[in-house]
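A short write-up of the structure that comes next.
The values are calculated or read from the model by the stated rules, or taken from the named source; none is laboratory data. On a predicted model such as this, the values are computed, not experimentally measured, just so you know. Reconstructed Cβ throughout: ideal geometry from the backbone, glycine too, with neighbour counts over all protein chains shown. Protein only, heavy atoms only, side chains kept; ligands, DNA and RNA dropped before computing areas. Shrake-Rupley method; radii C 1.70, N 1.55, O 1.52, S 1.80 Å.
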Amino acid sequence: MSKLIAYIRVSTQEQNLDRQIAAMKEYGVPAGNVFADHGFSGKDFNRPAYQEMLKKIEPGDTLVIDSIDRLGRNFDEVIKEWNIITNEKDAAIVVLDAPFLNTASAANGVTAKMLNAIILTVMSGFAQLEREKIHRRQEEGIAAAKAKGVKFGPPEKEKTPEFFTLMSLYQRGEISARKAAKLLGITHPTFCKWVTAQEVNSAI
């Protein structure tokens, strides 16, 4: 027999689940069918109550969530889980604050599958927009930091007096670049870069 199952979540211990619990009760979800993760981030789905809910949900059941971000905050991961619930588990999903996402409103069969396909396509579009927005923000942040003189990557090692001794030996052909780099505890490309920089500076 099909049943209503609810999943609720808050990200921190300081937040409470009262509002979501009340919403599920009003929708008609039995208290024993409410799975709650208290103090768990929505960045991934490694949450105990969510995983327990996923094991309990059966074909014909309906999963009720308060909003899509209670399910998760990573759109790509949400799409995967949505697909598992609606296609692999053959269950419906009701999103209380977004009725247009509700697959339970469609009749079983082709209509429901078409609606679910449309929803997944729309969600995929949002996921792509989110990825592009994050990438754009990262590029803008890097550009702003560079404009302020911020250097990225690990700090460059300082040249020790031993470097200049080994550089002289290398330039006279008395030692290889690889051996000099090894003695200095740096990589071969770094040694060559340092030598080139010194030669350029000396020529100026």
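Is one or more of the residues making up segment 1-23 touching a residue at least 60 places away in the same chain (Cβ under 8 Å), small (G, A, S) and surrounded by fewer than 15 Cβ atoms within 10 Å (Cβ to Cβ)? For segment 1-23, residues touching a residue at least 60 places away in the same chain (Cβ under 8 Å), small (G, A, S) and surrounded by fewer than 15 Cβ atoms within 10 Å (Cβ to Cβ): present.
Taking first residues from segment 35-55 that are assigned to a helix (DSSP H, G or I) and partners that are open to solvent by 30 Å² or more (accessible area, probe 1.4 Å) and of a type in the set (F, W, Y), the Cβ contacts under 9 Å between residues at least 6 apart in sequence or on separate chains come to P48/F40; A49/F40; Y50/F40. Scan segment 169-196 for residues that are open to solvent by 40 Å² or more (accessible area, probe 1.4 Å) and more than 40 Å from the chain's Cα centre (by Cα) and the total you get is 11.
When each of A104, A98 is tested for being touching a helix residue (DSSP H, G or I) at 6+ places or on another chain (Cβ under 9 Å), open to solvent by less than 30 Å² (accessible area, probe 1.4 Å) and either over 18 Å from A117 (Cβ atoms) or without any contact (Cβ under 8 Å) to a residue 60 or more places away in the chain (or both), the lone residue that passes is A98. Here segment 39-57 is the region considered, the condition is being out of contact with any Ser or Thr (no Cβ under 9 Å at 6 or more places or on another chain) and over 24 Å from N102 (Cβ atoms), and the residue that is least open to solvent (accessible area, probe 1.4 Å) is D44. Here N116 fulfils each of the conditions (1) modelled with pLDDT under 75; (2) open to solvent by 80 Å² or more (accessible area, probe 1.4 Å); (3) among the polar types (S, T, N, Q) apart from (2).
What number of residues in segment 68-89 are assigned to a loop (DSSP other than H, G, I, E, B) and either over 23 Å from E14 (Cβ atoms) or open to solvent by 10 Å² or more (accessible area, probe 1.4 Å) (or both)?
Here the count works out to 3.
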